[in-house]
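Okay, so here's the structure we're looking at.
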Amino acid sequence: MANKIKVGIICGSGLGNFMEETFVCSNISNREDIENAFGYPTSNLYHGHINGVDIVLLSRHGKGHMISPTAVNYRANIEALRLAGCTHVLASTACGSLVESIGRGQLVVPDSFLDRTNSRKGTFYDGTSSKYKGVCHMPMEPAFDPRTSEVLLQAAKKLGHNVQKGGTIVTIEGPRFSSKAESKALRLWGGHLVNMTTCPEVCLAKEAGLLYATLAVATDYDCWKDCDDIVHAADVIVIFKQNVANVWDVLQEAVKIIGSEDWEQDISKIKALVQSSNVSSS
C-alpha cells in the first residue's frame, strides 16, 4: 500500500511564534498535546494542510522560546512526528556564518554536519524503548536526505531567494556562543555554519526512517572575524525576524513540491536502511 505523504515542520528560533501568529489560526484542524515513550514533545503538535498536503507543525523551543538547545527533547519530538505518520521532516534553524561568502540573511541547505554536542541523547537505540531494539549503526552520509534537500533548494529558487546548495553545519552544545578560539577552530575543520540544534535531530530523524532536510538562515558571523561585530542573541533574533517570512514561504513551497511527487522508492529505501543498520538479532 502506498505511503500517504505527510510533512513534519520543525520550527526553530523565531519561526514558532511567527507560525502561530500567521498560520495556525486559519489552517490548523487539530492540536495535540501527547506523550510518547521518550516523553513529551517540546510543543503541541499542530495538524493541518498546505495545498492539500497534510502537515504537522512542532516548535522546537516551545511556546515563547522557553526551552534551551540542550533541554530540547529531540527524541520525543522526532518520535511524535513519526507516530503522527510523517514521511518527511523540514526543519528551520538560525545559524552563525563561519565563512565570508555566507552573509546575514543568506539561506543555506546544508549537506553535512559536525557534532560538537556532549549532553544529549543521540540515539533511539539505547534499550529504553521496545520499538527501537538492538544496536543501530546508522550511516550518516548523506547526512540530510538529498532529494528533500533538493526540494528546499528548488522552492527557494522558485521564490527568487538567494540560497546556497550544500555546506557543513557545526552543532555546538550551547546555550553559550563560541569563544573566538573555538569559532576559528570550527572554520579550520571546514565548518560553514554553526548552530545549537541540528544534532542529534538529523540523526534521530534518519533512525526513525524520516526524510529530513534543513533550511538554515545565517544571522551573524559568530565571533571569528577580527572586528567589533560579535554575535549577540538580541541581534540574532532581529536578523531572523527580518527573514522569517522568507523561511516560511520556502517551507510552504517545499511542501507543495513534495506533495506533487512520488516518494515511494525514497521511503522504502530509508526504511530498508534502518533495518539493515541494526546489527542485533531480532
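Rounded to a whole number, what is D in µm²/s for the stretch 133-282 from Stokes-Einstein with the Kirkwood radius over alpha-carbon pairs (20 °C, 1.002 mPa s)? Don't skip to the answer; put the middle values down first.
Values: Rh = 17.5 Å.
The diffusion coefficient I find is 122 µm²/s.
Accessible area of the chain with a 1.4 Å probe: how many percent of it is carbon plus sulfur? Write down the numbers at each step before the final one.
Numbers: 6190 of 12520 Å².
On the chain, the fraction of accessible area on carbon and sulfur atoms equals 49 percent.
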(Q) Highest mean first, how do 108-120, 187-199, 84-96, 153-165 rank when packing is the count of other Cβ atoms within 10 Å averaged over residues? (A) 84-96, 187-199, 108-120, 153-165
Q. Dividing the Cα convex hull volume of the chain by residue count, how many Å³ per residue is that?
A. 125
Q) Roughly what % of DSSP beta bridges within the chain run antiparallel, to the nearest 5? A) 35
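In Å², what does the accessible area per residue of the stretch 82-141 work out to with a 1.4 Å probe? Write down the numbers at each step before the final one.
Numbers: 2730 Å² over 60 residues.
Per residue, the stretch 82-141 has an accessible area of 46 Å².
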Q: For the stretch 133-215, build the convex hull from the C-alpha positions and give me its volume per residue in Å³.
A: 125
Q: Provide, for q = 0.12, 0.15, 0.20 Å⁻¹, the log10 of I(q)/I(0) from a solvent-free Debye sum over equal Cα point scatterers in the stretch 170-232.
A: -0.36, -0.53, -0.83
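Report the equivalent ellipsoid semi-axes for the stretch 90-147 in whole Å, largest first, defined as the square roots of five times the eigenvalues of the gyration tensor built from alpha carbon atoms. If you can, show how the numbers build up before the last one.
Values: eigenvalues 186, 37, 23 Å².
Square roots of five times the eigenvalues give 31, 14, 11 Å.
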Q.
Less than 18 Å apart at the alpha-carbon level, and either on another chain or at least 8 residues along: which lysines does that give for K133?
A. K121, K206, K271
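Per-residue counts of other Cβ atoms within 10 Å, averaged by peptide: what ranking do you get for 261-274, 138-151, highest first? Walk me through the numbers on the way to the answer.
Numbers: 261-274: 13.9, 138-151: 17.3.
Listed from highest to lowest mean packing, they are 138-151, 261-274.
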**Q.** Placed amide H near D222: partners under 5 Å, 5+ positions off or other chain
**A.** S97, V231
Q. Ranked highest first by the average count of other Cβ atoms within 10 Å around their residues, in what order do 208-221, 64-77 fall?
A. 208-221, 64-77
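Can you give the helix-only mean residue ellipticity at 222 nm for the chain, where every DSSP H stretch with n ≥ 4 adds -39500 (n - 2.57) and the sum goes over all residues, rounded to the nearest 500 deg cm²/dmol?
-10000 deg cm²/dmol
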Q: Taking each pair of different alpha-carbon atoms in the stretch 55-107 once, compute 1/r for the pair, average those values, and report the inverse of that mean as the Kirkwood hydrodynamic radius in Å to one decimal.
A: 13.4
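The values are calculated or read from the model by the stated rules, or taken from the named source; none is laboratory data. Since this is a predicted model, take the numbers as computed values, not measurements. Heads up, the Cβs are rebuilt from the backbone with ideal geometry, glycines too, and the neighbour counts pull from every protein chain shown. Heads up: the accessible areas ignore ligands, DNA and RNA and are worked out on the full protein's heavy atoms, side chains in. Shrake-Rupley method; radii C 1.70, N 1.55, O 1.52, S 1.80 Å.
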